[in-house]
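Read through the structure below, which is laid out as structure tokens, and then see the notes.
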Amino acid sequence: MRPLDARLVREVPAVRRYLGACGVLALASAAAIIAQAALLGRIVSGAFLGHEDLGTLTRPLVALAAVSVARGLLGWAFESGGALTAATTLATLRVRVLAHLVRARPGGLGAMQAGEVAGAVLDGADALEPYFARFLPQLALAMVIPPVLLVWVALHDLTSAIVLACTVPLIPVFGILIGKATEHATMRRWRALSMLSTHFLDVVRGLPTLRAYRRGAAQTDAIATYTDDYRRATMATLRIAFLSAFALELAASLGTAVVAVELGIRLVHGSVALATAFAILVLAPELYAPLRTASAQFHASADGLAAAGRLFELIDLEAPEQVGAAVPEAGVLRLERVGVSYPDRGRVLDGAELELRPGERVAIVGPSGAGKSTLLALLLRFVEADAGRATVGGVDLATVDAAAWRRQLAWVPQRPLLEPGSVADAVRLGAPTAVSFELTAALAAAGLTVRLDADVQTLSAGEQRRVAFARALLRDAPLLLLDEPTAHLDAQSADTIIDVLEALPRTRTVLVATHDPRVLRVADRVLELRDGRLEALEPAEAA
């Protein structure tokens with residue numbers, strides 16, 4: 001596996017800037033290491049041989065202190081820059097993932113597991129930060145420092161440079177071998193984490209059903225199994241990391257020992273100066289250190305690239321073609337022998353036909369699972385017809401710009417989703433420029449009297465549904481799509497919703513899917529959806 005994803009560099013500007021900064025910082029670090037070693041060699045040589053007194057060594061000592069501080073600052077710059085780049089990169093990728101999922105899967109994730117997507121988007125933070133903060137800086141240092149130090153050593157002592165050049169390749173070789181094992185272990189860990197996240201989220205969503213059927217204990221055992229798989233995969237990765245650190249440390253220590261022995265022998269024979277020998281001895285560990293650390297941190301590279309790769313997979317999901325035909329000002333909405341299929345459910349709509357004129361109120365009834373929500377999703381462009389077509393004002397809906405079309409709609413889904421926040425924020429989503437009295441009026445029309453600053457998460461299911469209905473009313477769109485608007489409401493609240501629908505001006509077209517016979521009294525026509533087709537019902541039949 002490559003230590004750097006070319007697409008990550010190409011598509012995230014923050015990564016390019018950080019890599020450039022890493023190169024500059026690595027050169028500065030190499031200069032600081034050489035300066036520190038040379039100063040230490042001069043100070044030790046002068047003090048040991050008695051050639052210089054404390055007065056003449058003051059300036060080298062001050063310079064040594066300054067260089068040491070500079071090295072600390074360079075290390076801080078690497079670490080903080082990596083953390084900042086990781087946060088920026090993750091924020092960029094998250095925005096792209098979520099924006100693309102809205103385009104590619106506006107009606108839901110389809111065959112994808114929500115837990116898997118959540119794990120990729122959320123757990124990526126834990127993997128990308130060490131990748132940018134620890135691995136990439138060490139990779140830059142490993143590419144810059146060894147060549148620079150070898151050149152300096154060769155200019156001052158060619159024999160030591162040859163010895164170092166012969167021992168340095170041991171670390172990359174060990175690093176490659178360790179990297180291959182790390183790559184496989186990391187992929188196993190990510191698969192285990194994905195399975196755990198997916199199963200846990202599914203269990204949380206199905207808790208009421210599990211409690212009702214007394215299957216909680218069985219799911220506890222299943223989660224324990226997935227957790228144990230993840231634990232074993234994580235421990236396997238950590239074992240490789242610890243063993244790799246030991247092997248690389250041993251290789252670096254042996255290389256330093258060889259250099260120390262040859263320098264000691266040559267010092268005895270007087271073929272190398274003490275200052276030069278001491279400086280080279282100080283540089284030897286510094287030469288191996290970035291290579292050793294980069295190899296030891298390869299698991300951070302594998303984790304980071306796996307996280308980034310999964311995010312890019314989500315970004316690359318095939319999205320419906322976005323075309324830019326203008327939305328007709330007004331017109332009849334028609335379904336012409338429309339068919340819609342799902343891979344796991346087969347044909348849901350099969351030759352469905354509908355004519356919805358401006359200002360009309362039409363109710364869709366039918367058994368659960370007949371396809372009423374699918375019909376609304378089709379009109380919302382959340383799903384696309386695989387047979388027939390939908391038109392508005394004679395224009396094929398599939399050729400109309402999806403975003404522009406949705407601006408003409410207000411929608412209350414069967415299970416409204418309200419983001420955490422205040423009631424005002426939830427209602428204002430329908431009309432971002434609305435002021436307080438407009439929000440209050442919309443809530444009152446929906447039969448709800450709550451404070452605008454109340455937390456929507458504290459409301460009951462019925463109250464949250466009325467907040468969603470108020471949001472749709474406030475939007476004032478020409479076409480209002482309602483999916484079971486009176487579900488989970490008491491009789492009085494349901495009657496309020498029905499009264500509001502009845503009082504809507506004829507400038508608004510209403511299409512409502514419902515099981516509630518009370519809603520049918522506001523409908524101009526009632527259609528039954530059965531076996532994928534729509535059939536008109538007489539009022540007596542509908543009741």
Please go through the range 146-171 and pick out each residue that is under 12 Å from Leu287 (Cβ atoms) and either crowded, with 23+ Cβ neighbours inside 10 Å or acidic (Asp, Glu) (or both). Leu149, Val153, Ser160, Leu164, Ile171
Which one is farthest from Val151 (Cα to Cα), of the residues in the range 257-292 that are of a type outside the set (A, V, I, L, M, F, W, C) and within 48 Å of the chain's Cα centre (by Cα)? Arg292
Can you name the number of the only condition in (1) outside any loop (DSSP other than H, G, I, E, B); (2) closer than 14 Å to Val365 by Cα; (3) of a type outside the set (Ser, Thr, Tyr); (4) touching a residue at least 24 places away in the same chain (Cβ under 8 Å) that Leu480 fails? (2)
Number of the condition not met by Val327 [criteria: (1) surrounded by 18 or more Cβ atoms within 10 Å (Cβ to Cβ); (2) modelled with pLDDT of 75 or more; (3) not in a helix (DSSP H, G or I)]: (2)
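Filter the range 484-533 down to the residues that are surrounded by fewer than 16 Cβ atoms within 10 Å (Cβ to Cβ), under 39 Å from the mean Cα position of the chain (by Cα) and either basic (Lys, Arg) or closer than 17 Å to Ala446 by Cα (or both) and list them by number. Step through it out loud before you land on a result.
Taking the range 484-533 and keeping what is surrounded by fewer than 16 Cβ atoms within 10 Å (Cβ to Cβ), we get 487, 490-492, 495, 499, 502-503, 505-507, 515, 517-518, 521, 524, 530-531.
This time we only want the ones that are under 39 Å from the mean Cα position of the chain (by Cα), so: 487, 515.
Result: Ala487, single match.
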Among the listed residues Val412, Val400, which satisfies the condition of being among the β-branched types (Val, Ile, Thr) and either within 30 Å of Leu537 (Cα to Cα) or at pLDDT 85 or above (or both)? Val412
Ala300 vs (1) at pLDDT 75 or above; (2) within 30 Å of Pro169 (Cβ to Cβ): all pass except (1)
For Arg428, are the conditions met, namely being of a type in the set (Lys, Arg), within 35 Å of the chain's Cα centre (by Cα) and at negative phi? yes
Does the range 466-483 contain any residue that is buried (at least 19 other Cβ atoms within 10 Å of the Cβ), acidic (Asp, Glu) and either over 18 Å from Leu409 (Cβ atoms) or not assigned by TED's automatic domain parsing to the domain that holds Leu511 (or both)? no
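Listed here are the residues, each with its yes/no results for (1) part of a helix (DSSP H, G or I); (2) among the β-branched types (Val, Ile, Thr); (3) crowded, with 20+ Cβ neighbours inside 10 Å.
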site	(1), (2), (3)
Arg7	yes, no, no
Val15	yes, yes, yes
Tyr18	yes, no, yes
Leu25	yes, no, yes
Leu39	yes, no, yes
Val44	yes, yes, no
Pro60	yes, no, no
Ala77	yes, no, no
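Going by the conditions given, is Val67 closer than 23 Å to His156 by Cβ and free of Cβ contacts under 8 Å to residues at least 60 places away in the same chain?
yes
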Would you call Leu527 of a type outside the set (Asp, Glu) and in contact (Cβ under 8 Å) with a residue 40 or more places away in the chain? yes
Looking at the range 107-169, what helices (runs of 4 or more DSSP H) fall wholly within it and have at least 1 residues that are of a type in the set (Phe, Trp, Tyr) and at pLDDT 65 or above? 136-156
Looking at the range 381-400, is at least one residue assigned to a strand (DSSP E or B), among the hydroxyl-bearing types (Ser, Thr, Tyr) and either assigned by TED's automatic domain parsing to the domain that holds Gln464 or touching a helix residue (DSSP H, G or I) at 6+ places or on another chain (Cβ under 7 Å) (or both)? yes
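The values are calculated or read from the model by the stated rules, or taken from the named source; none is laboratory data. Remember, it's a predicted structure, so these values are computed and weren't measured experimentally. We place every Cβ from the backbone using ideal geometry, glycine too, and count neighbours over all the protein chains shown.
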